[in-house]
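Working notes for the structure below.
The values are calculated or read from the model by the stated rules, or taken from the named source; none is laboratory data. These numbers were taken from a predicted model, which means no experiment stands behind them. Because the Cβ atoms are built from the backbone with ideal geometry, glycine has one as well, and the counts that use them run over all protein chains shown. The protein model used for the area step is the full one, side chains on, heavy atoms only, and it has no ligands, DNA or RNA in it. Shrake-Rupley method; radii C 1.70, N 1.55, O 1.52, S 1.80 Å.
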Amino acid sequence: VVGLPTDDSAEIITDMQGFEAEEGRNLRSGDKNKVTIGWKLWSDDYFEKNIDLRDKIEIEGVKFEVVGLIKRIGNPQDDSQIYIPLDTARELFDDDEIFTIFVQVKRGYTPEEVAEKIKDDLRSSRDEEEGEESFQVQTFEQVLESVTAILDIVRAVLIGIAAISLLVGGIGIMNTVYTSVLERTKEIGIMKSIGAKNSDIMLIFLLESGVYGFVGGVIGISIGILLSLSVEWIASYSLGTDLLKASINFWLIFGALSFSFVIGCLSGILPAKNASSLKPVEALRYE
């Protein structure tokens with residue numbers, strides 16, 4: 001159960017948190033024993049009986065009337081809450097402690113300046129020294145920086161894994177083409193004896209190594225798409241959030257396949273060059 005203000009500041013919180021009524025309305029000034037219900041509580045079989053507008057629910061022995069069914073927000077915690085007026089929550093739970101305060105900055109002020117002023121006021125009211133605060137003040141820019149830093153670390157790890165995978169895959173393609181050259185040494189000698197140029201032999205094996213890379217890219221992309229869609233499905237149906245969405249872009253897939261083909265060709269340069277430099281007579285005598 002969460003207590004929300006119903007005065008002029010209520011609009012700030014509802015806008016920032018995305019509280020929008022699917023049916024009914026949000027809490028407003030003058031409400032006392034009224035509640036709004038998170039999406040998960042009224043859309044799923046959370047209670048024995050489905051909740052609808054004007055139904056009564058009991059909290060700590062007090063009956064409340066449901067005046068609003070909140071739309072899905074995507075955050076499981078918010079979607080599983082019951083919202084009551086802040087003053088009613090204080091009376092009901094006999095607790096004046098406030099966990100979170102949202103502040104809207106007026107024009108002409110910067111969030112950083114307001115955040116510093118709030119810190120100074122809270123330190124003064126709590127008699128706390130700088131660096132020993134029992135509270136935390138954050139602007140959205142700071143939250144965004146923290147999220148960006150985490151994403152940068154994840155991105156760096158993924159790039160490292162991808163680089164190692166490319167190296168291993170390239171070595172695998174190179175070994176495969178070397179094996180192919182050895183198995184077809186006599187064929188190379190026959191082709192050269194009937195007029196095939198070194199460039200022709202090299203092109204054949206370069207294209208073959210490129211095809212290996214292309215096929216590997218198709219398999220990798222297919223697995224990646226399946227994993228992405230699986231994560232989206234798990235997040236949606238198990239965790240009750242739609243914040244994770246799998247985005248499949250045609251041009252990204254095309255670029256990945258092209259890159260896989262190029263990597264395959266580059267991996268096959270040495271064995272292809274080795275095949276093209278074989279002498280016809282020695283190749284024909286190879287067993």
- Query: Among the listed residues SER222, SER199, SER209, which satisfies the condition of being hydroxyl-bearing (Ser, Thr, Tyr), without any contact (Cβ under 8 Å) to a residue 12 or more places away in the chain and part of a helix (DSSP H, G or I)?
  - Reply: SER222
- Message: Out of the residues in region 241-271 meeting the condition of being free of Cβ contacts under 8 Å to residues at least 60 places away in the same chain and aliphatic (A, V, I, L, M), tell me which one is nearest to VAL168 (Cα to Cα).
- Response: VAL262
- Task: Could you give me the residue pairs with C-beta distances under 6 Å whose first residue belongs to region 27-40 and is touching a residue at least 60 places away in the same chain (Cβ under 8 Å), whose second residue is open to solvent by less than 60 Å² (accessible area, probe 1.4 Å) wherever it lies, and which are 6+ apart or on separate chains?
- Result: LYS40/ASP79; LYS40/SER80; LYS40/GLY240
- Where residues in region 250-287 are part of a loop (DSSP other than H, G, I, E, B) and at pLDDT 85 or above, which of them is most open to solvent (accessible area, probe 1.4 Å)? SER277
- Which numbered condition GLY189 misses (of (1) open to solvent by less than 60 Å² (accessible area, probe 1.4 Å); (2) more than 25 Å from SER276 (Cβ to Cβ); (3) among the small types (Gly, Ala, Ser); (4) more than 18 Å from the chain's Cα centre (by Cα)): (2)
- region 43-67, residues that are within 27 Å of the chain's Cα centre (by Cα) and within 12 Å of GLU23 (Cβ to Cβ): SER43
- Note on the structure: Filtering region 113-125 down to residues that are charged (D, E, K, R), within 16 Å of ILE101 (Cα to Cα) and open to solvent by 70 Å² or more (accessible area, probe 1.4 Å) yields GLU116, LYS117, ASP120, ASP121
- How many residues are farther than 11 Å from CYS265 by Cβ and open to solvent by less than 30 Å² (accessible area, probe 1.4 Å) when one looks only at region 201-223? 2
- region 68-86: number of residues that are open to solvent by 20 Å² or more (accessible area, probe 1.4 Å) and either out of contact with any Lys or Arg (no Cβ under 8 Å at 6 or more places or on another chain) or within 14 Å of GLU23 (Cα to Cα) (or both): 9
- Item | Options ARG155, ARG123: the member that is among the charged types (D, E, K, R) and modelled with pLDDT of 85 or more | ARG155
- Note on the structure: So, first residue in contact (Cβ under 8 Å) with a residue 12 or more places away in the chain and of a type in the set (S, T, N, Q) in region 57-83, second residue outside any strand (DSSP E or B) and open to solvent by less than 40 Å² (accessible area, probe 1.4 Å), Cβ within less than 7 Å, six or more apart or across chains; the pairs are ASN75/THR241; SER80/GLY38; SER80/LEU41; GLN81/GLY38
- Note on the structure: Per the filter on region 69-83, residues in contact with an Asp or Glu (Cβ under 9 Å, 6 or more places away or on another chain) and modelled with pLDDT under 85 are ILE70, LYS71, ARG72, ILE73, GLY74
